[in-house]
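*Asks:* Supplied in C-alpha coordinates, the structure appears directly below.
The values are calculated or read from the model by the stated rules, or taken from the named source; none is laboratory data. Because the structure is a prediction, the values reported are computed rather than measured. FYI the Cβ positions are ideal-geometry reconstructions off the backbone, even for glycines, and counts take in every protein chain you see.
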Amino acid sequence: MIESLPQSIWTEMHAAKRRADRKISRLRVEAGGDSFRVLRLTSEGFVVEAETTPKLRGLVDLYDGGRHLSQCLIVAAAQEGDEMVYDFKRNTAAADGAPLDFERPDDAPIALLGR
(Lines give C-alpha, C1' and ligand atoms only; values in the text may rest on other atoms or scores of the structure.)
Protein backbone atom coordinates (compact mmCIF):
# COMPACT_ATOMS: atom_id res chain seq x y z
CA MET A 1 0.00 0.00 0.00
CA ILE A 2 2.70 2.50 0.98
CA GLU A 3 4.72 1.62 -2.15
CA SER A 4 1.92 3.01 -4.37
CA LEU A 5 1.94 6.48 -2.77
CA PRO A 6 3.23 9.42 -4.81
CA GLN A 7 6.80 10.53 -4.00
CA SER A 8 5.66 13.91 -2.61
CA ILE A 9 3.33 12.29 -0.05
CA TRP A 10 5.99 9.72 0.88
CA THR A 11 8.53 12.54 1.44
CA GLU A 12 6.08 14.52 3.59
CA MET A 13 5.28 11.46 5.70
CA HIS A 14 8.97 10.90 6.44
CA ALA A 15 9.48 14.60 7.22
CA ALA A 16 6.55 14.51 9.67
CA LYS A 17 8.00 11.41 11.33
CA ARG A 18 11.39 13.13 11.74
CA ARG A 19 9.71 16.19 13.29
CA ALA A 20 7.77 13.99 15.71
CA ASP A 21 10.93 12.04 16.64
CA ARG A 22 12.74 15.33 17.29
CA LYS A 23 10.04 16.45 19.74
CA ILE A 24 9.91 13.14 21.60
CA SER A 25 13.62 12.47 22.00
CA ARG A 26 15.24 13.67 25.24
CA LEU A 27 18.58 12.16 24.26
CA ARG A 28 21.43 14.53 23.53
CA VAL A 29 25.15 14.35 22.94
CA GLU A 30 27.64 16.87 24.31
CA ALA A 31 30.95 17.53 22.59
CA GLY A 32 33.29 20.44 23.21
CA GLY A 33 30.76 22.26 25.42
CA ASP A 34 28.00 22.14 22.77
CA SER A 35 24.88 20.01 22.95
CA PHE A 36 23.12 18.29 20.01
CA ARG A 37 19.88 16.29 19.87
CA VAL A 38 20.14 12.52 19.28
CA LEU A 39 17.38 11.11 17.08
CA ARG A 40 17.98 7.42 17.80
CA LEU A 41 20.25 5.38 20.02
CA THR A 42 21.30 1.91 18.83
CA SER A 43 23.50 -0.78 20.34
CA GLU A 44 26.32 0.17 17.94
CA GLY A 45 25.97 3.97 18.10
CA PHE A 46 23.57 6.86 17.63
CA VAL A 47 21.99 9.01 14.91
CA VAL A 48 21.88 12.84 14.74
CA GLU A 49 20.68 15.38 12.18
CA ALA A 50 23.40 16.04 9.63
CA GLU A 51 22.25 19.64 8.95
CA THR A 52 22.28 20.95 12.52
CA THR A 53 25.15 18.90 13.97
CA PRO A 54 28.77 19.49 12.98
CA LYS A 55 31.07 16.53 12.31
CA LEU A 56 31.69 14.90 15.69
CA ARG A 57 34.73 12.85 16.53
CA GLY A 58 36.46 11.60 19.64
CA LEU A 59 35.15 11.68 23.19
CA VAL A 60 31.51 12.73 23.74
CA ASP A 61 28.97 12.42 26.57
CA LEU A 62 25.44 11.02 26.12
CA TYR A 63 22.60 12.42 28.25
CA ASP A 64 18.94 11.54 28.71
CA GLY A 65 17.54 14.86 29.81
CA GLY A 66 19.80 15.82 32.71
CA ARG A 67 20.95 12.26 33.51
CA HIS A 68 24.44 11.34 32.29
CA LEU A 69 24.16 7.97 30.52
CA SER A 70 27.65 7.30 29.21
CA GLN A 71 30.93 8.62 27.95
CA CYS A 72 31.70 7.43 24.43
CA LEU A 73 34.54 7.38 21.95
CA ILE A 74 32.93 7.72 18.52
CA VAL A 75 33.69 7.73 14.80
CA ALA A 76 31.48 8.83 11.92
CA ALA A 77 30.07 5.77 10.17
CA ALA A 78 27.80 6.97 7.37
CA GLN A 79 25.45 9.68 6.23
CA GLU A 80 21.98 8.38 5.38
CA GLY A 81 19.96 11.15 3.78
CA ASP A 82 19.75 14.01 6.26
CA GLU A 83 20.94 11.85 9.18
CA MET A 84 24.49 11.17 10.34
CA VAL A 85 25.24 7.80 11.94
CA TYR A 86 28.04 7.49 14.51
CA ASP A 87 29.50 4.23 15.81
CA PHE A 88 30.90 3.60 19.27
CA LYS A 89 34.54 2.59 19.57
CA ARG A 90 34.06 2.63 23.34
CA ASN A 91 30.89 3.17 25.37
CA THR A 92 31.42 3.45 29.14
CA ALA A 93 28.35 3.74 31.36
CA ALA A 94 28.41 6.70 33.75
CA ALA A 95 28.32 5.94 37.46
CA ASP A 96 26.83 8.09 40.25
CA GLY A 97 29.83 7.63 42.51
CA ALA A 98 33.41 6.51 42.51
CA PRO A 99 34.00 2.78 42.26
CA LEU A 100 34.82 0.98 45.49
CA ASP A 101 38.15 -0.79 45.78
CA PHE A 102 36.86 -3.13 48.48
CA GLU A 103 33.85 -5.37 49.04
CA ARG A 104 30.98 -3.72 50.90
CA PRO A 105 29.18 -6.04 53.38
CA ASP A 106 25.44 -6.47 52.85
CA ASP A 107 24.67 -5.36 56.43
CA ALA A 108 26.97 -2.28 56.38
CA PRO A 109 25.40 0.95 57.69
CA ILE A 110 24.24 3.38 55.03
CA ALA A 111 24.88 6.54 57.06
CA LEU A 112 25.87 7.66 60.54
CA LEU A 113 23.23 9.32 62.69
CA GLY A 114 24.10 12.31 64.87
CA ARG A 115 23.12 12.57 68.53
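*Asks:* Between a residue in the range 64-75 that is within 8 Å of residue 89 (Cβ to Cβ) and any residue that is among the basic types (Lys, Arg) and part of a loop (DSSP other than H, G, I, E, B), which pairs come within a Cβ distance under 8 Å, given they are 6 or more apart or on different chains?
*Replies:* Close Cβ pairs (under 8 Å, with a partner that is among the basic types (Lys, Arg) and part of a loop (DSSP other than H, G, I, E, B)) amount to 74/57; 75/57.
*Asks:* Looking only at residues in the range 15-43 that are part of a loop (DSSP other than H, G, I, E, B) and under 11 Å from the mean Cα position of the chain (by Cα), which one is modelled with the lowest pLDDT?
*Replies:* 25
*Asks:* Against the condition touching a residue at least 24 places away in the same chain (Cβ under 8 Å), of a type outside the set (Phe, Trp, Tyr) and surrounded by 12 or more Cβ atoms within 10 Å (Cβ to Cβ), how does residue 50 come out, does it pass?
*Replies:* Considered against the rule, which asks whether it is touching a residue at least 24 places away in the same chain (Cβ under 8 Å), of a type outside the set (Phe, Trp, Tyr) and surrounded by 12 or more Cβ atoms within 10 Å (Cβ to Cβ), residue 50 comes out as yes.
*Asks:* Here's a check for you: in the range 74-105, which residue that is among the charged types (D, E, K, R) and touching a Lys or Arg at 6+ places or on another chain (Cβ under 9 Å) is surrounded by the fewest Cβ atoms within 10 Å (Cβ to Cβ)?
*Replies:* Across the range 74-105, the extreme among qualifying residues is 82.
*Asks:* Out of all the residues in the range 45-64, is one or more more than 17 Å from the chain's Cα centre (by Cα) and among the aromatic types (Phe, Trp, Tyr)?
*Replies:* The answer is no; no qualifying residue exists.
*Asks:* Could you check, for the range 62-85, whether at least one of its residues is out of contact with any Leu (no Cβ under 9 Å at 6 or more places or on another chain), more than 13 Å from residue 30 (Cβ to Cβ) and of a type in the set (S, T, N, Q)?
*Replies:* Yes - at least one qualifying residue is present in the range 62-85.
*Asks:* Related question: Looking at the range 46-60 only, could you name the residues that are hydrophobic (A, V, I, L, M, F, W, C) and not in a loop (DSSP other than H, G, I, E, B)?
*Replies:* If the condition is that a residue be hydrophobic (A, V, I, L, M, F, W, C) and not in a loop (DSSP other than H, G, I, E, B), then 46, 47, 48, 59, 60 are the ones that fit.
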